[in-house]
1. Which order do you get for 49, 198 if you rank them by accessible area with a 1.4 Å probe, largest at the top?
2. Suppose a student asked you for the relative contact order of the chain, using Cα pairs under 8 Å spaced at least 6 residues apart; what percent would you report?
3. Count the net charge of all other residues whose Cβ sits under 14 Å from the Cβ of residue 140, scoring Lys and Arg as +1 and Asp and Glu as -1.
4. Based on the Cα coordinates of the range 1-101, what is the per residue volume of their convex hull in Å³?
5. What's the ranking of 202-208, 134-140 by average number of surrounding C-beta atoms within 10 Å, highest first?
6. Using a 1.4 angstrom probe on the protein heavy atoms only, line up 165, 38 by accessible area, largest first.
7. With contacts defined as alpha carbon pairs under 8 Å and 6 or more residues apart, what's the relative contact order of the range 35-136 in percent?
8. Using the alpha-carbon centroid of each, what span in Å lies between the range 102-132 and the range 21-79?
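The values are calculated or read from the model by the stated rules, or taken from the named source; none is laboratory data. Please read all numbers here as calculations on a predicted model, not as lab measurements. Counting neighbours? That spans all protein chains shown, and the Cβs are built from the backbone with ideal geometry, glycine included. Just the protein is used for accessible areas: all its heavy atoms, side chains included, with ligands, DNA and RNA removed. Shrake-Rupley method; radii C 1.70, N 1.55, O 1.52, S 1.80 Å.
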Amino acid sequence: MRTIGLIGGMSWESSAVYYRLLNELVRDRLGGLHSARCVLHSVDFAEIEKLQTAGEWEHAGEILAEAARGLEAAGADLLLICTNTMHKVAGQVEAAVRVPLLHLADATADAVRADGLGRVGLLGTAFTMEQDFYRERLAGHGLQVLTPDAAGRALVHRVIYEELCLGVVRDESRAAYQDVIGELVDAGAEGVVLGCTEIELLIRPDDSPVPVFPTTRLHAEAAVAAALA
């Protein structure tokens, strides 16, 4: 079994889900008392969030690159950035190490294509929904990506940072997300990418009239497949 390196803490709420999923998936694959071989570098998210807001992505990338080097030195054979938004600096992380980085958007796009879908709605932070780094990665797999309108994007972003990253899960926020999903479906979305690792704390498959693609689980599944290959 290869060792999985996790760049986490963005937020720790979703990193905890990553840890649980990796171990559950290995147990399901191998049985018995098997669990995942992994090492975790958990950053201080408050520091990263300030850099995001200030647009200081290169500085944030340096922090994650240093974390990646530490994980490689600790024996990681492959790396995961345990957040969608910080894949904006995936190139910096890849350049810092010799071991492979499994890109979250690639794992997600593979799942969407495997379901035979070509047009998806994307929910995530404002950075993920509005900037090119994530949408273009999905588009590179042949997918058409739809995002909410300005009001929808603001709502989705606010709930992530003010609620989900703090472990707060509210029924009224779930209902508001369902309204946003409904608008994406009306616009032609055949599925919805939950493009923020915390959204899976709020939205379940039966909360959407079309298939949802939970990026945390899909990323973890890809990592375990690679670790056990």
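1. Working: 49 60, 198 5 Å².
My answer, sorted largest first, is 49, 198.
2. 24 percent
3. Residues close to residue 140 contribute a combined charge of -1.
4. Working: hull volume 8.7 nm³, N = 101.
Per-residue hull volume (Cα only) is 87 Å³.
5. So the order, starting with the most tightly packed, is 134-140, 202-208.
6. Descending accessible area places them as 38, 165.
7. On the way: 83 pairs, mean separation 24.5, N = 102.
Worked out over the range 35-136, it gives 24 percent.
8. The range 102-132 and the range 21-79 have Cα centres separated by 20 Å.
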